[in-house]
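S.K.: First the structure, which I've put down as structure tokens, then a few questions once you've had a look.
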Amino acid sequence: MTYIWGDERRYNSYKHFLQQRFGGRIQKLTVDAGFSCPNRDGTVGTGGCTYCLNDAFNPSYCLPEKSVAQQLKEGIEFHRNRYRRADGYLAYFQAYSNTHAPLEKLREIYQPAINNPLLKGIVIGTRPDCMDREKLDYFAELNEKMFVSIEYGIESTLNETLSKINRGHSFEQAEEMIGETSRAGLHVGAHFIFGLPGENEDIWFRELQKMNRLPIHSIKFHQLQIIKGTKMEQEFKDTPNTIHLFTMDRYIDFICRYVEQLNPTFIIERFAGEVPPRFLAINSWGEIRYDVVLQKIEKELEHRESYQGKLYGL
Ligand code: SF4
């Protein structure tokens, strides 16, 4: 059976989207342009989100001391040697908040990416409060030359939760900036976490309609993982009952039921997070890789004779 997104996978996959959009195999390259975060440097707050230890996860070629052009060059070489040759690359500016600088600085940083002929586009991870009209106009201008995706960390639809995790912005701010970004013609990605303090399944299903109405294009879901050295590690020791840590089986069951009600136009880029086990304070999923988790989710959807959006709008 071919679903409305145009292939036989039981969900609207990012892989399929990339194939359709670029007509070949696209590899994402993580680039660290040396941005900071307004929730750490005092612009919005200090101390950061309670679950965050952002510095931990960059690949070895990806160091902010190297220029963006150098990181791209080394990233492409690394992937060419290691994996099947890609037909093109997307530069993924992931670390911290990649629009947290004046516009002139953003131009300096993103220009090398635009000048690289192997690059098909850029994906920019940021916060809703690090974007404005001027920056959106700049990215819309770039979008005429190459694919530009702005990926916002939303994390929760509840302001009470956002406040508990010291996020430093509200859901309404996120909603407004997502709307503006979408109206500027840019691809909008969103990131959500399941398991934050005080939240549970009843809340996620209740809030799903709010999610489904967002004008986003792609979405990443993460189960909460507690990273060593974060404030949340201490919070979990002090009040374990307020934090929802999924076992893998429970999560697979939950995410399949959730996806059945999810807007079928949302491209799913990730169903779950994958943090190297050495960084985890609590590791209940073992050494399992994301591609294995994905296979289990696809198998469960098949077992349930279900698919993304099966119950959407019912
Ligand atoms: S999760 Fe993002 S916004 Fe929060 S402290 Fe870390 S880098 Fe900053």
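S.K.: Out of everything in segment 256-291 that is under 27 Å from Asn212 (Cα atoms) and part of a helix (DSSP H, G or I), what residue ends up being nearest to the chain's Cα centre (by Cα)?
M.R.: In this case the residue turns out to be Tyr290.
S.K.: Go through His244, His222, His217 for me and flag whichever is farther than 25 Å from Val44 by Cα and touching a strand residue (DSSP E or B) at 6+ places or on another chain (Cβ under 6 Å). First the steps, then the outcome.
M.R.: Working: His244 fails: touching a strand residue (DSSP E or B) at 6+ places or on another chain (Cβ under 6 Å); His222 fails: farther than 25 Å from Val44 by Cα.
Only one candidate passes the filter, namely His217.
S.K.: Moving on. Tell me which of these Leu103 doesn't satisfy, since it passes every other one: (1) within 16 Å of the ligand (Cβ to nearest atom); (2) touching a residue at least 24 places away in the same chain (Cβ under 8 Å).
M.R.: (1)
S.K.: Something else about it: Only one of (1) within 22 Å of the chain's Cα centre (by Cα); (2) surrounded by 17 or more Cβ atoms within 10 Å (Cβ to Cβ); (3) within 22 Å of Tyr11 (Cα to Cα) is not met by Gln295, so which one is it?
M.R.: (2)
S.K.: So if I check each of Glu65, Glu74, which one is more than 16 Å from the ligand (Cβ to nearest atom) and open to solvent by 60 Å² or more (accessible area, probe 1.4 Å)? Walk me through it before giving the result.
M.R.: Details: Glu74 fails: open to solvent by 60 Å² or more (accessible area, probe 1.4 Å).
So the residue among Glu65, Glu74 that is more than 16 Å from the ligand (Cβ to nearest atom) and open to solvent by 60 Å² or more (accessible area, probe 1.4 Å) is Glu65.
S.K.: Could you list, ordered by first residue, the pairs with Cβ atoms under 8 Å in which the first is in segment 200-215 and more than 12 Å from Tyr312 (Cβ to Cβ) and the second is crowded, with 16+ Cβ neighbours inside 10 Å and of a type in the set (Asp, Glu), at least 6 apart or interchain?
M.R.: Leu214/Glu175
S.K.: Next question, about the same structure. Which count do you get for residues in segment 235-254 that are surrounded by 13 or more Cβ atoms within 10 Å (Cβ to Cβ) and free of Cβ contacts under 8 Å to residues at least 60 places away in the same chain? Don't jump to the end; show me each part of the working.
M.R.: Residues of segment 235-254 surrounded by 13 or more Cβ atoms within 10 Å (Cβ to Cβ): 235-236, 242-246, 248, 250-254.
Remaining after also requiring free of Cβ contacts under 8 Å to residues at least 60 places away in the same chain: 236, 242-246, 248, 250-253.
Final tally of qualifying residues: 11.
S.K.: Do you know which residues across segment 142-153 are touching a residue at least 60 places away in the same chain (Cβ under 8 Å) and buried (at least 21 other Cβ atoms within 10 Å of the Cβ)? Step through it out loud before you land on a result.
M.R.: Narrowing segment 142-153 to residues touching a residue at least 60 places away in the same chain (Cβ under 8 Å): 147, 149, 151.
Within segment 142-153, Ser149, Glu151 meet the criteria.
S.K.: Exactly one condition in (1) small (Gly, Ala, Ser); (2) open to solvent by 10 Å² or more (accessible area, probe 1.4 Å); (3) under 22 Å from the mean Cα position of the chain (by Cα); (4) closer than 30 Å to Met232 by Cα is not met by Ser97; state its number.
M.R.: If we test Ser97 against (1) small (Gly, Ala, Ser); (2) open to solvent by 10 Å² or more (accessible area, probe 1.4 Å); (3) under 22 Å from the mean Cα position of the chain (by Cα); (4) closer than 30 Å to Met232 by Cα, just (2) comes out false.
S.K.: Can you tell me how many residues in segment 158-195 are among the hydroxyl-bearing types (Ser, Thr, Tyr), surrounded by 22 or more Cβ atoms within 10 Å (Cβ to Cβ) and either within 16 Å of the ligand (Cβ to nearest atom) or outside any helix (DSSP H, G or I) (or both)? Talk me through it step by step, then tell me what you get.
M.R.: Narrowing segment 158-195 to residues among the hydroxyl-bearing types (Ser, Thr, Tyr): 161, 163, 170, 181-182.
Those still in the list that are surrounded by 22 or more Cβ atoms within 10 Å (Cβ to Cβ) too: 181.
Then keep just the ones that are either within 16 Å of the ligand (Cβ to nearest atom) or outside any helix (DSSP H, G or I) (or both); that gives none.
Looking only at that region, the number is 0.
S.K.: Something else now. Within the group Tyr83, Tyr51, Tyr96, which residue is aromatic (Phe, Trp, Tyr), modelled with pLDDT under 90 and farther than 16 Å from Gly121 by Cβ?
M.R.: Selected residue: Tyr83, the only one of Tyr83, Tyr51, Tyr96 that is aromatic (Phe, Trp, Tyr), modelled with pLDDT under 90 and farther than 16 Å from Gly121 by Cβ.
S.K.: For segment 126-141, name all the residues that are farther than 12 Å from Glu180 by Cα, surrounded by fewer than 21 Cβ atoms within 10 Å (Cβ to Cβ) and not acidic (Asp, Glu).
M.R.: Scanning segment 126-141 gives a single hit, Tyr138.
S.K.: Any idea which of (1) at pLDDT below 90; (2) more than 15 Å from Ile150 (Cβ to Cβ) is the one Glu104 doesn't satisfy?
M.R.: (1)
The values are calculated or read from the model by the stated rules, or taken from the named source; none is laboratory data. Just so it is clear, the model here is predicted, and its values are computed rather than measured. Reconstructed Cβ throughout: ideal geometry from the backbone, glycine too, with neighbour counts over all protein chains shown. With ligands, DNA and RNA removed, areas are computed over all heavy atoms of the protein, side chains included. Shrake-Rupley method; radii C 1.70, N 1.55, O 1.52, S 1.80 Å.
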